[in-house]
Amino acid sequence: MSDRMGWSRQQMADRLAREFQDGWIVNLGVGIPTLCSNTDIGDRQVIYHAENGVIGYGPVLPEGQEDLHLVNAGGQNVSLNPGAAIVHHADSFAIIRSGRIDVTVMGAYEVSCTGDFANWKVAGAKGGGIGGAMDLAAGAKRVFIILEHTTRKGEPRLVRRCALPVTARGVVTLVATNYGLFEPAGEGFRLRELAPGITRDMAQAATGAPLIG
Amino acid sequence: MGQESKLVASFAEAVADIPDGAVIAFGGFAAPGTPYNLIKALLAQGARNLTCIANTTGGAHQPRMPDIAMLVENGQVRKVICSFTAATRPTDVLPFTKFYEAGEVEAELVPQGTLAERLRAAGAGIPAFYTPTAVGTELAEGRETRVFNGREYLLEYALPVDYAFLRAHRADAAGNLQYRLSQRNFNPLMAMAARTVIAEVEEEILPAGAMDPDQVHTPGIFVQRLVRIPPAPEGIWPVRRQERAR
């Protein structure tokens, strides 16, 4: 989109990935969150977990070097890092529900200032795509969300209450948008950082809840 | 001994007795572990009024491989139980979605971890369990929840199935299975949840005793039928999927 302002998709992912701490077990959602694995986080090492039971996967392999028996949750042919392990689906989600995932990064349509988010069903649809999102949202220690700050029509995606059916309630701890970095804080969103070229007034005008701090 | 009888000569023979109304679980997550050859045989076999259980209904990527949506297109499916009736990205269109949105097939949308655990429970003699997943969402409306240690959990029921269609890397004549890398996914759980397990196998079937018992992922006591996958083009083997245009 030519009128897109602030951070690029990769920059949004970079900003969240820089929060990752050494030794964290990280689950990245399909789409923009996958870009977090491109971020240089220095000598910190994280372990990537995929819903299909792959613990410790590495970069996507180029055509001809892939192993067709190995994909990440996005279906990409990835590699394995030293120390990797494979488990079946029930054990993979046992890892998720029992709180072993330090952070999950997901995309969303909406996030509320009370930490609810919606990412599985669009307006007017009968069904949707849940995948592992509800399990991850319920089980991970931290839920980070990446999304564009507004819809294509310019309506806010950071809101007081989600209009779409939620994936989980009260779980989101950090949100990166093209406008900056925000924390759901109950009555509003705590503004942690603004992207270059974005002012606080611009961010407030595009947000459906008060900005705090 | 019934061990030799586990080896079945063809996919058609392996699925020949699937009746109308059967409840069938299909292993696989993306390509690895997906029983493409058995799905293709079921398309030809023609059983109807099926309930199909899998992570997805397939068809999101090119080249398209045999999938549950093809069984739907073929008029064989009454209901699907899965974690996606639509794609993650609204711009992607699954072949199944239009049949579901038009009311031509039923669907039960289940969070992926809940689907795995419902199958595990069925295979473990556990009738139901409580999970934190989906609490506070539309999926939990009107359903039983209970508070443990101050947190609310949703009651979910075991999901037993009549048949499981699996794909394994290696098997022996006793029916012991090994999966390779992410091929494992739902396959061991579906094997234990099913009354009859049919596995398509990539490598030559080993004699009983040739597989290290410590390396068995699904014990042969759960597996009734094995079919060796022939080389392409007679057999279906995964290929790298094409990247999507964004």
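Observations on the model:
- Ranked by how many other beta carbons lie within 10 Å on average, peptides B:56-63, B:232-239 from highest: B:56-63, B:232-239
- Computed from label points 7 Å out along Cα-Cβ, the spacing between B:R151 and B:D212 is 3.7 nm.
- 25 Å tail of the calculated P(r), chain B, as % of Cα pairs: 43
- Less than 5 angstrom separates the built amide H of A:R192 from those of A:L181, A:F182, A:E183, all sequence-distant by 5 or more or on a different chain.
- Derived value for the range B:104-246: Kirkwood hydrodynamic radius 17.4 Å. Basis is the mean of 1/r over every pair of different alpha-carbon atoms.
- Taking every residue in B:135-142 and counting other chain Cβ atoms within 10 Å of its Cβ, the average works out to 5.
- Three-way shape label, the range A:1-141, alpha-carbon gyration tensor, a/c 1.5: rounded
- Charge-dipole axis of the protein assembly as shown as Lys and Arg at +1 and Asp and Glu at -1 on Cβ define it, positive-most pick from A:V30, B:M190, A:L16: A:L16
- Candidates per GluC sites (Glu not before Pro) in the range B:143-221, loop by DSSP, up to 12 other Cβ within 10 Å: B:E144, B:E204
- Percent of C-alpha pairs per 10 Å bin in the range A:86-182, short distances first: 16, 47, 28, 8, 0.
- Here the range B:86-225 is treated with +1 on each Lys and Arg Cβ and -1 on each Asp and Glu Cβ, and its dipole about the Cα centre works out to around 240 debye.
- Percent of Cα pairs exceeding the 21 Å cut-off, where the set is the range A:63-129: 49
- Kirkwood analysis of the Cα pair distances in the protein assembly as shown returns a hydrodynamic radius of 22.8 Å.
- Counting Cα-Cα pairs of the range B:142-192 in 10 Å increments starting at 0 gives whole-percent bin shares of 19, 33, 21, 20, 7, 0.
- 0 to 90° range, to nearest 10: angle between helix B:36-45 axis and chain B longest Cα axis: 90
- Euclidean distance of C-alpha centroids, the range A:178-213 and the range A:80-100, integer Å: 35
- For the Cα trace of the range A:125-188, dividing Rg by the Kirkwood Rh returns an Rg/Rh value of 0.95.
- Lysines with Cα under 22 Å of A:K153, excluding same-chain neighbours fewer than 8 positions away: A:K121
- Peptides A:85-93, B:118-126, A:105-113, A:119-127 ordered by packing proxy, namely the average of other Cβ atoms within 10 Å per residue, highest first: A:105-113, A:85-93, B:118-126, A:119-127.
Values in this text are rule-based calculations from the coordinates and carry no lab data. Because the structure is a prediction, the values reported are computed rather than measured. Reconstructed Cβ throughout: ideal geometry from the backbone, glycine too, with neighbour counts over all protein chains shown.
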